[in-house]
Each structure stands twice: as C-alpha cells, then as structure tokens.
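To start, the structure under review is shown below, and the notes come after it.
Throughout, read-outs are computed from the coordinates displayed, never taken from laboratory work. Small disclaimer: the values here were computed from a predicted structure and weren't measured.
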Amino acid sequence: MIHNNLQASHEVPVYDSAFFQRLFPAEQIGFMVETTDQRLLPYADLDHAATTGPFLAVKEYINEIFNSYGSVHRGAGQKSLTTTCLYDAARDRIRHHVGSSANNYGVPSTAICD
C-alpha cells in the first residue's frame, strides 16, 4: 500500500482527474474503482500489455489522418505516398531523439515481439 511506503515528509499523491482526462479517451477512463480510503475514482487501465488503448493525442491524430491512410512503402498512389512520408518522418524523429546519425536505420515495430 502506497501510504506505508511514504516518509513522514511526503504527502499522499492527490489524484488529478484532469490530468488523466487530457491523456486518455473518455471511454478508457470511465470505469470507476474504490480506493483504500473509500473514494471512487476513474480507473485508467494501463495493465493490458500490448492491448492498452492509445493516449488521447494519438487517437486524435489517427482520426485526423485516417482518411489519407495507405500502405507504407507499397505503392505510388497518393495515400501510400502520404502515409510513407509520415512513417519516414516519424522514424527520423525517433532517430534524432535517441541521438542516432542519419547513417543508422531504425525499424519501428508494432509490438515488442516483432
């Protein structure tokens, strides 16, 4: 229990529902659970391993670009070219974030076992 592990100088963390509402879609945090101090709070269920729902910003971005989606590196059509460009840009951002050079090639995967 978190209360037993806190030192006297620390306060018990306060649940900030606005924080979770900014991060997760409403349907993902709508389930209510009772805490050890008998409060009812929305439950952000992150214990799904590979099936955890997306963060709200990711879901909104997917919805925004959904109609322009095409196969990556698979064709010359406008949707394929658009999606390939987005994919390559994401890979470049990741490479830049980890401090890798342009000579290195990262391959994002869909799951830990890919």
What ³J(HN,Hα) values, in whole Hz, does the Karplus curve 6.51 cos²θ - 1.76 cosθ + 1.60 give for the range 94-104 when θ = phi - 60°, with x put for Gly and Pro?
5, 4, 5, 4, 8, x, 8, 7, 5, 7, 9
Could you give each residue of the range 84-91 its phi-based ³J(HN,Hα) in whole Hz, using Karplus coefficients 6.51, -1.76, 1.60 with θ = phi - 60°, and x for Gly or Pro?
4, 4, 5, 4, 5, 5, 5, 4
For F24, list long-range residues whose amide hydrogen, built 1.01 Å from N in the peptide plane, is under 5 Å from its own amide hydrogen.
L56
Taking 0.36 nm per intervening residue step and subtracting the Cα-Cα distance, what contour gain separates C85 from A26 on full extension?
18.2 nm
Rounded D (µm²/s) - the range 54-97, Kirkwood Rh over Cα pairs, Stokes-Einstein at 37 °C, 0.692 mPa s
294
